[in-house]
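The values are calculated or read from the model by the stated rules, or taken from the named source; none is laboratory data. Everything numeric here is computed off the predicted structure, so don't read it as measured data. With ideal geometry, Cβ positions are generated from the backbone for all residues, glycine too; neighbour counts draw on all protein chains shown.
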Amino acid sequence: MSVIGNFIKQNRKKLGLTQEEFALRSGLGLRFIRELEQGKETVRLDKVNQALFMFGMEAVPGRMENKDD
């Protein structure tokens with residue numbers, strides 16, 4: 001989840017938005033945005049997609065990264 005959290009954080013900052021502003025614009029709670037950007041592993045996928053929608057993106061099935069590389 002940290003890949004998505006990092007993506008959200010970097011792109012939010014590119015837009016010049018604080019976490020609070022991003023939460024308001026995306027319709028999500030500030031706590032959720034903070035936890036997502038901090039890499040919390042148990043988050044609701046519908047809310048993740050709601051955040052990603054702000055950048056024209058969505059979470060889709062993909063191959064897992066090999067953490068041993």
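Tell me which residues, restricted to segment 16-39, are within 10 Å of the chain's Cα centre (by Cα) and surrounded by 13 or more Cβ atoms within 10 Å (Cβ to Cβ).
Step one: of segment 16-39, the residues within 10 Å of the chain's Cα centre (by Cα) are 32-39.
Scanning segment 16-39 gives Phe32, Ile33, Arg34, Glu35, Leu36, Glu37, Gly39.
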Name the residue that is surrounded by the most Cβ atoms within 10 Å (Cβ to Cβ), counting only residues in segment 1-15 that are more than 16 Å from Gly56 (Cα to Cα) and either in contact with a Ser or Thr (Cβ under 7 Å, 6 or more places away or on another chain) or of a type in the set (A, V, I, L, M, F, W, C) (or both). Met1
Enumerate the pairs (first residue in segment 32-50 and without any contact (Cβ under 8 Å) to a residue 12 or more places away in the chain; second residue anywhere and surrounded by 13 or more Cβ atoms within 10 Å (Cβ to Cβ) and of a type in the set (A, V, I, L, M, F, W, C)) with beta-carbon separation below 6 Å, excluding pairs fewer than 6 apart on the same chain, so at least 6 apart or on different chains. Asn49/Ala59
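For the subset of segment 14-53 comprising residues that are of a type in the set (D, E, K, R) and closer than 16 Å to Val3 by Cβ, which member is modelled with the lowest pLDDT?
Kept after step one, since they are of a type in the set (D, E, K, R), are these residues of segment 14-53: 14, 20-21, 25, 31, 34-35, 37, 40-41, 44, 46-47.
Restricting the remaining residues to those that are closer than 16 Å to Val3 by Cβ gives 35, 37, 40-41.
Working: Glu35: 96, Glu37: 96, Lys40: 91, Glu41: 87.
By that ranking, first place goes to Glu41.
Residues of segment 13-51 being assigned to a loop (DSSP other than H, G, I, E, B) and not small (Gly, Ala, Ser), which ones?
We begin by selecting, within segment 13-51, every residue assigned to a loop (DSSP other than H, G, I, E, B); these are 15-18, 27-29, 38-44.
Leu15, Leu17, Thr18, Leu28, Gln38, Lys40, Glu41, Thr42, Val43, Arg44, listed by residue number.
Before we move on, is Gln10 in a helix (DSSP H, G or I), of a type outside the set (Phe, Trp, Tyr), touching a Gly at 6+ places or on another chain (Cβ under 7 Å) and modelled with pLDDT of 95 or more? It would help to see each step written out before you state the result.
Numbers: in a helix (DSSP H, G or I): yes; of a type outside the set (Phe, Trp, Tyr): yes; touching a Gly at 6+ places or on another chain (Cβ under 7 Å): no; modelled with pLDDT of 95 or more: yes.
Here the answer is no, as Gln10 does not meet what is asked.
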